[in-house]
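To start, the structure itself, in structure tokens.
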Amino acid sequence: MPNSAALVPEVQYATIEQQGEVAQLGMWVFLVNETLFFGALIFTYFVYRTTYPHAFAVAGKDAVLWCGTLNSAILLTSSLTMVLAINAGAQDARRAMVVWILATIGLGCAFLGVKGLEYYLDFQDQVVPVVDYFAKPGEGQAGELFWVFYWIATSLHAIHLMTGIGLLVYMLWRIRRGEITSAYYAPLEVVGIFWSFVDTVWIFLYPCIYLVGRS
Amino acid sequence: MSLDVNPRRALSLPFVIAWLILLVFTGVSLFTAFLGMGVWAPVAEFGIAALQAAIVFILFMRLKGPPSLRWVFAFSGFFWLLFLFGLSATDYATRRGWPPSYIPTRPGITTLEDGR
Amino acid sequence: MYNWIPFWPDTAAVSGHAVNGLFVAELCLSAVIMLTVVAMMLYYVFRYRKGSDATRAGRVQKTWHFEIGWTTATLGMFLILFVYGAEMYVWLFQAPRGDEEVYVVGKQWMWKVEHPGGQREIDAMHIPVDKTIRVVMASEDVIHSFFVPAFRLKHDVVPGTYETIWFKAHKPGIYRLECTQYCGLQHATMQGKVVVMTGPDYAHWLTTQGVHESMAEQGEKLFRAHGCSGCHGANSTVHAPSLNGVFGTYVHLQDGSVRLADEAYLRDCILNPRSFTVAGYPPIMPDFSGQISEGDLMKIVAYIQSLSGKQETRR
Amino acid sequence: MTVTTVDRDALPNPMDEPSFLTSENTIASWLFTRDHKRIALLFFASITFFFFVGGLAATLMRLNLATPKGLLQPAVYNRMFTMHGIIMVWFFLIPSIPATFGNFFVPLMIGARDLAFPRVNLASWYVFNLSGLMVLYALIMGGADTGWTFYTPLSTIYANGYVLAAALAVFVNGFSSIMTSLNFVVTIHRLRAPGMTWMRLPLFVWGIYAVSVVMLLATPVLTMDTFLLGFSRFTGIGLFDPRHGGDPLLWQHMFWFYSHPAVYIMILPGMGVVSEIIPCFARRPIFGYTGMTMALMSIAILSFFVWAHHMFVAGISIYSGVVFSLMTFFVAVPSAIKVFNWTVSLHKGKITFDAPMLYALGFVLLFTLGGLSGLMLATLAIDVDVHGTYFVVAHFHYIMVGATVSAFFGALHYWWPKMTGRMYPEMWARFAAILTYVGFNLTFFPQFILGYLGMPRRSYTYPEVWQTWNVLSSAGASILAVAYTLPLVYLGWSLFWGKKAPINPWRATGLEWIAASPPPKHNFPRTPIVTQAPYRYDPEADTFVSQEGTPYAE
């Protein structure tokens, strides 16, 4: 197990631990910005849902509930596998770490698959605002605002998820090159933090999209 | 502060338990949606969502340990959103001509009909 | 009143004098603070320049009570002005019952003005002096802003809803009307004039406009043309709320809320009946959004208002 | 403690290491550099280019407004003021002091070798240039005509012109300022030299920290807002369109939630720079250091509560107007503290009037006038009268041009010897500073009067009766244009023929004045140990103690 002293930190850091800890801090600061990015989008949802509660309730009934719930379960599980991957990395169990990372990537792709299926069902259901939209009676134009929010929020979230998957593949590449060992696994921690954050965004999107108007 | 903040890192049990709790919470949130609580349904759902987010933040993103700088960064984003939601509510809640009323309810309105 | 101040703009409305007073108060307070800062700086810069032999000993070490002192002083003075301004803002932006109502429609680069009597003008507004004028404004496209510098009054005209402002001119004359919210290519030429006339002149002007049909009468024609009378007319068989005397009263809606039936509410009902259904009535009224222009809408609302006699709305 | 009379000039410039400028001079060493000092100079080149592009648009506007008939076609004038707004706000004012002097001097002032994430810093410059290319594409192809505020539904439905390109340029530019501020926050938290506690940080570093906090918390809302604007304009969805149930004011709420903190992003670094310059040239410590740091941070926090004072007449509710007006009066309090502290910092000092000091004093005066006119605008009834007129234009130009650009030029002259190793010609610089002050006041004070007379903003023509004020303003603009190009000339000249700069020409106490000028690639041969608070000047005994603890005689 190469001790951490052997690893040379970047020039502006004193020790490798400091470099790892600052990298994590940098990701946390970036997540402040991401929180407000998705928060502003949910703000538009908050404004229009409080303004047209009836229209949003009618429009919300068309969201495919089982897809949403299954996706929530998938993402929560992927957060678990991500953490287990980091634990394995910390214990220098290299094979376990690779397996857990592959599991996380698999779950991420599963999420995108279910999402693609849901998009297909939505196209069938004629709820795509600009392309082909059929307003249910009593929904009015405000229902279209719900679907505008749905498409923008889920596509932005999917893009962030794909970035997460890309980062995980990059982690696998760096593990193969031996740069991530139990002495220095900060990059994996940083990707883990980003991945769990994308999962948190979905945790907030789930009630926004799928649980509106169910009662 | 070395990276191995918590020596119990080897244990994966707490994380599995947290994962189960999160799944249960998703189920509870789904259940409340069908209870017909009216105005209280979104409050309950978003409350549970916030709880889940807190669990993910603290456990899965290693925020554990004494409240440090990372706690500040982790929760300042949400704290700032309160200003956006809260202060704009002073306008949306009390504005006279709101909601606007160019809202056709006839089905099939897709084109940008010009009101002129 | 403040004409002794050089370049002081003309003031022609009651609200104008109030704003003048507040602005002069702000000017004086700002001048006092500015001169203090400039005087302190010039004094120090001259007295303690590099070459001077003034003593530099005894510099103040404990600084916070100075800071707290001058900060609370400035905050206190300005908060007085805040209260003064806020109270005037509340008075300015709540349109009371107007002696006279004028309907303004902002359209890209012109102001279409219409009087209840049916007189129509473009980029001009003739109003009687010493009367409280209530202006109901709507926009057909983008956000404009109705600004009369002489009355010190402006309000953005937001598409999708009615904005109401009021003023009471006290000096006859011709005053500039401008649009101060950028609205496209000819925003700079979207100007006009507000002509304040004495009572008799105004009455004479009204008669000479060659208009025989008041807005209410035109509204009645449209009321029939769009088929409203089919349900809301006197002898209709359809179970629909009667509109006689509805203007100015409180209406109970199906979702339990209670709304004051003013212009904005009537406009909402015409354009979006489904979410403003009156309690006890089936939501069968078709919506008319996208079919009735702002001008016609105002005429129909004026007609409904006339149905309830001159019973004014209690704001 | 005996005072060692070490005269800084005597010591030769410790050129043991080649300076960052001359260590390696290939194209790749500049374009792929990770040295924060080189990235600062790259940013300096980009923003100077955009400053003169925006300035050109401003000159055309002032030429057009010299006569009521005007010079430009209405369509061209509308596009000129829009592009002037967009380029000046996002491509000069916001990045000017943080990206240039922040990048160069924050590591030096806290004793670090570089910023926390050098690659992210370089990526910030490339993203900035990408958004610069997009805005130039929008400008060259015809420009947008919606004003830099992109109010809907004009910008989403009714405006033709390159609104989508301009909005996406602003969208991409947001990422550049996020990356820069992320770097600063993490660096200031984690890479300070031993002994450099928070209360020993120079006020410029405090200013950059406050700016980074505001940038981090405000920019994402603008990023989402411009994304939604581009999406609505491109696809025609009714997010802000009243005919689809949307609310035009929602755009304004989210836009001003970013843009008011953004105007504090523009002024806070200026305050930081002035808090460095005044103590150095008055040879005495700043008055109330803790008060100044608390004022900086409270401005950063309070700036998020006041945004709807831009919308008093836009149709928001009366209750909301009163709430935001009250909050606006509270955000003015820290600025008042700072102005008084700067002025009293001259008390019992030994004041010299070098160019940076002239710019700093100009900053204080113009910022005070801008702030007071801001308080007038915060008073609800007066804003009802003067919103959307030239009174508002004069107010924000006093703060942005009078204060921030003066501070930018002050910083440029103050740190020029350290950045380039050359001294600038002093008399030319003083002349340029005074010319800037005179030209500025002649340009923008008449606009206060025009505003109260009722001349609306963003209009290419006006009634003849106001021509005298507009001619005065245009005359002032030409003087200002000359005053802004002068530094380009003599600073360029000083690069080649300027006197060699000693390590500490102004005898200042910051850590950056310990490193050589220009500093070597890794700033310090060994990381300095900080033992002193900043600004330890003693006008009585004419001595000063650098933050590293070595006392110097004048």
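Taking interchain pairs and intrachain pairs at least six residues apart, which have beta carbon atoms under 8 angstrom, with the first residue in the range B:72-97 and at the interface with chain A (Cβ under 7 Å from one of its Cβ atoms) and of a type in the set (Phe, Trp, Tyr) and the second surrounded by fewer than 16 Cβ atoms within 10 Å (Cβ to Cβ) and part of a helix (DSSP H, G or I)?
B:Tyr92/A:Thr50
Hey, which of the strands (runs of 3 or more DSSP E) in the range C:42-161, taking only ones fully inside, have at least 1 residues that are within 30 Å of D:Gly245 (Cα to Cα)?
Of the strands (runs of 3 or more DSSP E) lying wholly inside the range C:42-161, those with at least 1 residues that are within 30 Å of D:Gly245 (Cα to Cα) span C:100-107, C:110-114, C:120-122, C:132-139, C:144-148, C:153-157.
Considering only the range C:116-132, I want to know if a residue exists there that is buried (at least 21 other Cβ atoms within 10 Å of the Cβ) and of a type outside the set (A, V, I, L, M).
Scanning the range C:116-132, I find no residue that is buried (at least 21 other Cβ atoms within 10 Å of the Cβ) and of a type outside the set (A, V, I, L, M), so the answer is no.
Any chance the range A:114-130 includes a residue that's within 11 Å of chain D (Cβ to nearest Cβ) and crowded, with 23+ Cβ neighbours inside 10 Å?
yes
For residues that are in a loop (DSSP other than H, G, I, E, B) and surrounded by fewer than 23 Cβ atoms within 10 Å (Cβ to Cβ), scanning just the range D:302-344, find the one that is nearest to the chain's Cα centre (by Cα).
D:Met311
From D:Ile337, D:Ile351, D:Ile318, grab the single residue that is over 30 Å from C:Cys179 (Cα atoms), at the interface with chain C (Cβ under 8 Å from one of its Cβ atoms) and touching a Phe, Trp or Tyr at 6+ places or on another chain (Cβ under 7 Å).
Going through D:Ile337, D:Ile351, D:Ile318 in turn, the sole match is D:Ile351.
Would you point out which residue out of D:Pro518, D:Pro505 is assigned to a loop (DSSP other than H, G, I, E, B) and out of contact with any Leu (no Cβ under 7 Å at 6 or more places or on another chain)?
One residue alone meets the criteria, D:Pro505.
Filtering the range D:145-164 down to residues that are aromatic (Phe, Trp, Tyr) and assigned to a loop (DSSP other than H, G, I, E, B), which residue is nearest to the other protein chains (Cβ to nearest Cβ)?
Filtering the range D:145-164 for residues aromatic (Phe, Trp, Tyr) gives D:148, D:150-151, D:158, D:162.
Subsequent filtering for residues that are assigned to a loop (DSSP other than H, G, I, E, B) retains D:148, D:150-151, D:162.
Working: D:Trp148: 10, D:Phe150: 10, D:Tyr151: 6, D:Tyr162: 15 Å.
Among residues in the range D:145-164 that are aromatic (Phe, Trp, Tyr) and assigned to a loop (DSSP other than H, G, I, E, B), the one nearest to the other protein chains (Cβ to nearest Cβ) is D:Tyr151.
If a residue has to be of a type in the set (Val, Ile, Thr) and not in a loop (DSSP other than H, G, I, E, B) to count, how many in the range C:269-309 make the cut? Give the steps one after another, and end with the answer.
Quick first cut of the range C:269-309, residues of a type in the set (Val, Ile, Thr) only: C:270, C:277-278, C:284, C:292, C:300-301, C:304.
From what's left, not in a loop (DSSP other than H, G, I, E, B): C:270, C:278, C:300-301, C:304.
Within the range C:269-309, residues that are of a type in the set (Val, Ile, Thr) and not in a loop (DSSP other than H, G, I, E, B) number 5.
Hey, among D:Phe255, D:Phe227, D:Phe234, D:Phe240, which residue is part of a loop (DSSP other than H, G, I, E, B), touching a residue at least 24 places away in the same chain (Cβ under 8 Å) and among the hydrophobic types (A, V, I, L, M, F, W, C)?
Just one listed residue meets the conditions, D:Phe240.
For the condition among the β-branched types (Val, Ile, Thr), farther than 30 Å from D:Val392 by Cβ and surrounded by fewer than 21 Cβ atoms within 10 Å (Cβ to Cβ), what is the one hit in D:Val482, D:Val489?
On the way: D:Val482 fails: farther than 30 Å from D:Val392 by Cβ.
After ruling out the rest, the residue left standing is D:Val489.
Does C:Val19 count as assigned to a helix (DSSP H, G or I), under 30 Å from C:Ile174 (Cβ atoms), within 28 Å of the chain's Cα centre (by Cα) and more than 9 Å from chain D (Cβ to nearest Cβ)?
no
Residues that are under 30 Å from A:Gly143 (Cβ atoms) and of a type in the set (D, E, K, R): does the range A:83-105 have at least one?
no
Quick one: is D:Leu346 at pLDDT 95 or above and within 11 Å of chain C (Cβ to nearest Cβ)?
Numbers: at pLDDT 95 or above: no; within 11 Å of chain C (Cβ to nearest Cβ): yes.
Spelling it out, it is not the case that D:Leu346 is at pLDDT 95 or above and within 11 Å of chain C (Cβ to nearest Cβ).
Determine which member of the set D:Leu380, D:Leu361, D:Leu375, D:Leu366 is surrounded by 22 or more Cβ atoms within 10 Å (Cβ to Cβ), more than 8 Å from chain C (Cβ to nearest Cβ) and hydrophobic (A, V, I, L, M, F, W, C).
After applying the criteria, what remains is D:Leu366.
Collect the residues in the range B:23-41 that are crowded, with 21+ Cβ neighbours inside 10 Å and more than 7 Å from chain A (Cβ to nearest Cβ), keeping them in residue-number order.
B:Thr32
One residue is enough: does the range D:391-413 have a residue meeting the conditions part of a helix (DSSP H, G or I) and either touching a strand residue (DSSP E or B) at 6+ places or on another chain (Cβ under 7 Å) or within 11 Å of chain C (Cβ to nearest Cβ) (or both)?
yes
Being assigned to a loop (DSSP other than H, G, I, E, B), modelled with pLDDT under 85, more than 22 Å from A:Thr44 (Cα to Cα) and touching a helix residue (DSSP H, G or I) at 6+ places or on another chain (Cβ under 6 Å) is the requirement here; does B:Leu63 meet it?
Considered against the rule, which asks whether it is assigned to a loop (DSSP other than H, G, I, E, B), modelled with pLDDT under 85, more than 22 Å from A:Thr44 (Cα to Cα) and touching a helix residue (DSSP H, G or I) at 6+ places or on another chain (Cβ under 6 Å), B:Leu63 comes out as yes.
State whether the residues of the range D:451-463 include one that is in a helix (DSSP H, G or I), over 20 Å from D:Ala57 (Cβ atoms) and either at pLDDT 95 or above or touching a Lys or Arg at 6+ places or on another chain (Cβ under 9 Å) (or both).
Yes, that holds for at least one residue.
Among the numbered criteria (1) surrounded by fewer than 24 Cβ atoms within 10 Å (Cβ to Cβ); (2) among the hydrophobic types (A, V, I, L, M, F, W, C); (3) farther than 30 Å from D:Ile286 by Cβ, which one does D:Ala167 miss?
It is condition (1) that D:Ala167 fails.
Looking only at the range A:142-182, which residues are in contact (Cβ under 8 Å) with a residue 40 or more places away in the chain and assigned to a loop (DSSP other than H, G, I, E, B)?
A:Ile180, A:Thr181, A:Ser182
The values are calculated or read from the model by the stated rules, or taken from the named source; none is laboratory data. These figures come from a predicted structure and were not determined experimentally. Methodologically, a virtual Cβ is constructed for each residue, glycine included, from the backbone with ideal geometry; neighbour enumeration extends over all protein chains shown.
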